[in-house]
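> Okay, handing you the structure first.
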Amino acid sequence: MPSTMLYGILQKALSGETPEVRLAATSEFAASVKSVGVTALHTEGLLEKIKASLKAEGKKGAVERQGAIETLNALWDLFEEVMEPHLIALLPHTMPLLADKEKSVSVVAETYLKKFLLNITPNAFSAVLPYLLDVSANVKWQSMQLQMDVLSEMAKTNMSAQVSRNLSDIINVVSQLMWHSKAQVKQAAVAAMDSVSLP
């Protein structure tokens with residue numbers, strides 16, 4: 001499939017006229033990538049285009065930001081662990097969208113990130129953990145809340161062994177957030193502490 005055709009489908013997914021058109025295009029794009037191979041995402045510069053759209057600015061860029069998240073979601077649904085390294089590398093650009101001023105963007109970002117992070121393979125845990133434990137000044141509270149929610153759920157799943165092996169680092173961060181000024185973060189941290197502390 002010519003790269004121009006892939007680009008055209010991606011462009012429709014990112015900025016099609018209606019939500020229905022954009023959503024349909026995300027599935028079409030993922031299927032088209034499957035037909036040519038995942039390597040096309042890099043060789044054709046498609047991931048770079050998606051990455052740029054995640055950073056589209058202002059209210060006018062909201063459609064593009066949302067389209068980028070929904071495209072990543074479609075790729076994850078189709079390829080799952082094959083996409084892990086690519087999607088992990090994009091976490092610094094997807095996680096800030098949890099605090100997007102446009103509610104439609106923050107909602108799809110939360111849905112996508114929870115689904116992705118809670119379904120990674122155990123081998124990917126060590127690559128994801130630094131993002132879950134990042135509570136630096138530039139991290140928004142909405143992200144911290146999701147980070148705590150994800151850690152809490154991971155402790156109850158097939159990731160429990162990975163959580164246990166990194167318990168000291170995790171408890172150090174979770175305990176800090178138990179005193180956070182935002183009630184949502186505080187509550188999520190308390191729940192996470194209960195989950196990760198279970199024998």
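> Only one of these is over 18 Å from residue 95 (Cβ atoms) and among the aliphatic types (A, V, I, L, M): 177, 133, 117, 167. Name it. Give the derivation first.
Details: 177 fails: over 18 Å from residue 95 (Cβ atoms); 133 fails: over 18 Å from residue 95 (Cβ atoms); 117 fails: over 18 Å from residue 95 (Cβ atoms).
None of the other options fit; the residue is 167.
> A further question follows. What is the residue count in segment 76-109 for residues that are charged (D, E, K, R), surrounded by fewer than 19 Cβ atoms within 10 Å (Cβ to Cβ) and under 23 Å from residue 163 (Cβ atoms)?
Of the residues in segment 76-109, the ones charged (D, E, K, R) are 77, 80-81, 84, 100-103.
Now drop any that are not surrounded by fewer than 19 Cβ atoms within 10 Å (Cβ to Cβ), which leaves 77, 80-81, 101-103.
From what's left, under 23 Å from residue 163 (Cβ atoms): 80-81.
Result for segment 76-109: 2.
> Any idea which residue in segment 58-100 is nearest to the chain's Cα centre (by Cα), counting only those that are assigned to a loop (DSSP other than H, G, I, E, B) and modelled with pLDDT of 95 or more? Spell out the reasoning first.
Here is the first cut: in segment 58-100, the ones assigned to a loop (DSSP other than H, G, I, E, B) are 58-61, 90, 100.
Filter once more, keeping what is modelled with pLDDT of 95 or more: 61, 90, 100.
Details: 61: 18, 90: 8, 100: 13 Å.
Residue satisfying both the conditions and the ranking: 90.
> May I pose another question? Would you check which residues across segment 143-166 are hydrophobic (A, V, I, L, M, F, W, C) and either in contact with an Asp or Glu (Cβ under 7 Å, 6 or more places away or on another chain) or farther than 15 Å from residue 131 by Cα (or both) and list them? Before you say what the answer is, go through the steps one by one.
To start, the set of residues in segment 143-166 that are hydrophobic (A, V, I, L, M, F, W, C) comprises 144, 146, 148, 150-151, 154-155, 159, 161, 163.
Correct list: 146, 155, 159, 161.
> Going by what's in this entry, would residue 122 be described as within 22 Å of residue 90 (Cα to Cα) and without any contact (Cβ under 8 Å) to a residue 24 or more places away in the chain? Break it down into steps so the answer makes sense when it comes.
Values: within 22 Å of residue 90 (Cα to Cα): yes; without any contact (Cβ under 8 Å) to a residue 24 or more places away in the chain: no.
Considered against the rule, which asks whether it is within 22 Å of residue 90 (Cα to Cα) and without any contact (Cβ under 8 Å) to a residue 24 or more places away in the chain, residue 122 comes out as no.
> Of the conditions (1) part of a helix (DSSP H, G or I); (2) under 28 Å from residue 144 (Cβ atoms), residue 20 fails just one. Which one is it?
With (1) part of a helix (DSSP H, G or I); (2) under 28 Å from residue 144 (Cβ atoms) applied to residue 20, the lone miss is (2).
The values are calculated or read from the model by the stated rules, or taken from the named source; none is laboratory data. Since this is a predicted model, take the numbers as computed values, not measurements. A quick note on method: Cβ atoms are made from the backbone with ideal geometry, for glycine too, and the neighbour counts reach across all protein chains shown.
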